[in-house]
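Note sheet for the following structure.
The values are calculated or read from the model by the stated rules, or taken from the named source; none is laboratory data. Everything numeric here is computed off the predicted structure, so don't read it as measured data. Note that we place each Cβ from the backbone using ideal geometry, even for glycine, and neighbour counts take in every protein chain shown.
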Amino acid sequence: MSIEKVDTLVVGAGQAGLAASEHLSNNGVEHLVLERARIAECWRTARWDSLVANGPAWHDRFPTMEFECAPGDFPGKDEVTAYFEAFARKIAAPVRCGVEVTRLAKHDGGAGYLVDTSDGRVQANNVICATGPFQQPVIPPLVPELPGLLQMHSHGYRSPQQLPPGAVLVVGSGSSGSQIADELLRSGRRVFLSVGPHDRPPRSYRGRDFVWWLGVLGKWDLATVDPDTAHVTIAVSGALGGHTVDFRRFAQRGMTLLGMTGQFSDGRLSFADDLQANINSGDANYLAMLDEADAYVERNGLDLPEEPSARIIDDDPACLKNPVRSVDLADENITSIIWATGYRNDFNWMNVDVFDADGKPVHVRGVSQEQGIYFLGLPWLSRRGSSFIWGVWHDAKYVADHITTQHRYLEHHATIPAVVTTD
Ligand SMILES: Cc1cc2nc3c(=O)[nH]c(=O)nc-3n(C[C@H](O)[C@H](O)[C@H](O)COP(=O)(O)OP(=O)(O)OC[C@H]3O[C@@H](n4cnc5c(N)ncnc54)[C@H](O)[C@@H]3O)c2cc1C
């Protein structure tokens, strides 16, 4: 079997793989990017039709290329795809599409790794795994398959028209769940939303977008997840020009808010008694951010308009005062459940010792303990911003520089004879 040799193999041509390619090229590192589908495939086929970027174009981008739209706009998923395609052309990224990496193992008796792909075998000194932070949709096994009930993950949701007539239960109150529930409500559906622990930063405050506030307050740079809030999702939306996610206002518009989804029995789905607590902690998170923003304005003497109306928290809607603890799906004519319940990783193809007992990659800023194996694009890889477009670009620079430093050591080794001195 002929084996193609490359110094560094990048697996995946999403934003992480492309950022890696830019920095590797800048450092003169020979590399190849293998992508099982197309560039930015997830933005093409794993997002709903109306999805726009969570951050405005001036912020959610690589530092080396701007979006074509106005800086304050929230690019749609097709614009994001086009952006990455154009970026790949701009940097002449050596991407080979339609090639899936199926197995990676140490090259016994040789340097580096042997990588099996759908198009043959590759030998690489370094492998950067850039296969995405959100790989396999997770649906908790709570509701069995039932006639007349469509269940799907947010990964497969496209638009309200895709769903059968009837009410919809959306499970999950992060950015995906809250945006999908809002869209369904606007389309005229009856919507039930199961709300878990969440943060909900203001979309903007005192004339500045929340991405700016998180930046100046140093929150994108936080290096470790607080174990107490690791399970908390963030509800933000760039939809319809961008607005703060406010679950009380969803309820005012007719949405029924529910606690965390529990067990299903005899056609009834139960919900935890935690709705009020989850809404309250979301409000507390929101107000804390306003406080921090005000303190920043004060300390730095910024001339930003005050915005007292942002502090108004509406009265509790009825579904919050008297939470519904169980719902009979048939009685409520719930014909669809959309599980916006997150993703798990899939590194089964990596036959190397770089994972902990839970299967999570062990690494420091993307550099694993196994020489030449790197990760990019994982949530919190180096900091909070790591899985976002601009964040992965900085992580990719670190990884490319690490590879380059290793090259420098080997170049030194090749040019200077080793002399052993003895006493
Ligand atoms: C609904 C949603 C909305 C988001 N919105 C934003 C946003 O607005 N702004 C933002 O900054 N971030 C956003 N994110 C987070 C993150 O930016 C995206 O998930 C982004 O797609 C991650 O980029 P990536 O390159 O790390 O991974 P991916 O985009 O998932 O790319 C990985 C690539 O690897 C390929 N691949 C996987 N396995 C293999 C294999 N074995 N062989 C070959 N190729 C393989 C895949 O086909 C894919 O193209 C969002 C995430 C979700 C789920």
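For the range 147-172, how many residues are part of a loop (DSSP other than H, G, I, E, B) and either within 16 Å of the ligand (Cβ to nearest atom) or in contact with a strand residue (DSSP E or B) (Cβ under 9 Å, 6 or more places away or on another chain) (or both)? Walk me through it before giving the result.
If we filter the range 147-172 for residues that are part of a loop (DSSP other than H, G, I, E, B), which is where we start, we get 147-149, 157-159, 163-166, 172.
Among the residues that remain, those that are also either within 16 Å of the ligand (Cβ to nearest atom) or in contact with a strand residue (DSSP E or B) (Cβ under 9 Å, 6 or more places away or on another chain) (or both) are: 148-149, 157-159, 163-166, 172.
Number satisfying all stated conditions: 10.
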* Asked: For the range 28-42, what are the residues that are buried (at least 23 other Cβ atoms within 10 Å of the Cβ) and within 6 Å of the ligand (Cβ to nearest atom)?
  -> L34, E35
* Structure fact -> Within the range 312-343, residues basic (K, R) and either in contact with a Phe, Trp or Tyr (Cβ under 9 Å, 6 or more places away or on another chain) or on the phi > 0 side of the Ramachandran plot (or both) come out as R325
* Structure fact -> Checked against (1) touching a residue at least 12 places away in the same chain (Cβ under 8 Å); (2) part of a loop (DSSP other than H, G, I, E, B), W390 satisfies every condition except (2)
* Identify all residues within the range 101-130 that are of a type in the set (V, I, T) and either over 24 Å from G17 (Cα atoms) or touching a Leu at 6+ places or on another chain (Cβ under 9 Å) (or both); write none if there are none. => V101, V115, T117, V122, V127, I128
* To do: Quickly run through the range 262-307 and pick out the residues that are closer than 30 Å to P144 by Cα and part of a helix (DSSP H, G or I).
  => L275, Q276, A277, N278, I279
* To do: Tell me which residues, restricted to the range 92-137, are out of contact with any Asp or Glu (no Cβ under 9 Å at 6 or more places or on another chain), more than 24 Å from G28 (Cβ to Cβ) and away from the ligand (no atom under 12 Å from the Cβ).
  => D108, G109
* Give the range 14-27 a look and list any residue that's within 7 Å of the ligand (Cβ to nearest atom) and out of contact with any Cys (no Cβ under 7 Å at 6 or more places or on another chain), or say none. => Q15, A16, G17
* Neighbours by Cβ (under 9 Å, 6+ apart or cross-chain): first from the range 107-119, free of Cβ contacts under 8 Å to residues at least 60 places away in the same chain; second loosely packed, with under 11 Cβ neighbours inside 10 Å -> none
* Structure fact -> Of those in the range 377-422 that are within 13 Å of the ligand (Cβ to nearest atom) and among the charged types (D, E, K, R), the residue farthest from F74 (Cα to Cα) is D395
* Structure fact -> Being hydroxyl-bearing (S, T, Y) and modelled with pLDDT under 95 narrows T233, T261 down to just T233
* Residue match in the range 174-187 (condition: within 16 Å of the ligand (Cβ to nearest atom), part of a strand (DSSP E or B) and either touching a Lys or Arg at 6+ places or on another chain (Cβ under 7 Å) or hydrophobic (A, V, I, L, M, F, W, C) (or both)) -> no
* Structure fact -> Among the residues of the range 110-132, the number that are buried (at least 20 other Cβ atoms within 10 Å of the Cβ) and of a type outside the set (S, T, Y) is 11
